[in-house]
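All remarks here apply to the structure that follows.
The values are calculated or read from the model by the stated rules, or taken from the named source; none is laboratory data. Here the structure is a predicted model, which means the values were calculated and not measured. Please note: Cβ atoms are built from the backbone with ideal geometry, for glycine as well, and neighbour counts cover all protein chains shown. Please note that ligands, DNA and RNA were not included when accessible areas were found on the heavy atoms of the full protein model with its side chains. Shrake-Rupley method; radii C 1.70, N 1.55, O 1.52, S 1.80 Å.
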Amino acid sequence: MELRFNTDGSRNKNKVAVAAVINKDVFSARLPDETTLFSAETKAMELAFQYIKMSKHTHFRIISDSPSS
């Protein structure tokens, strides 16, 4: 069974946050205001990787809307 993650980093004015979503589970974090959007997108993927490291599953797919990360 393949687990699929959707990841996203977001910047709204000066606030930055990230999320990784799998099924109905949401892993999110608030980042420092000076964080770039690129860094936010990669941090969102890092959240997914943290889950993967602890998972017993062997097949994963990370879906991102960021072409640069």
Cβ-Cβ distance below 7 Å, separation of 6 or more or different chains: which pairs start in segment 53-69 with a residue that is charged (D, E, K, R) and end on one that is open to solvent by 70 Å² or more (accessible area, probe 1.4 Å)?
Arg61/Glu2; Arg61/Arg4
Output the qualifying pairs, or none if there are none: Cβ atoms under 6 angstrom, residues six or more apart or on different chains, first residue in segment 1-16 and at pLDDT 90 or above, second residue of a type in the set (Ser, Thr, Tyr) and not in a strand (DSSP E or B).
Val16/Thr35
What is the residue count in segment 12-26 for residues that are outside any loop (DSSP other than H, G, I, E, B) and either open to solvent by 70 Å² or more (accessible area, probe 1.4 Å) or hydroxyl-bearing (Ser, Thr, Tyr) (or both)?
4
So Phe60 fits all but one of (1) open to solvent by less than 30 Å² (accessible area, probe 1.4 Å); (2) touching a helix residue (DSSP H, G or I) at 6+ places or on another chain (Cβ under 7 Å); what number is the exception?
(1)
Matching residues in segment 34-57 - criterion: being part of a loop (DSSP other than H, G, I, E, B), open to solvent by 70 Å² or more (accessible area, probe 1.4 Å) and farther than 21 Å from Glu2 by Cα
Glu34, Thr36
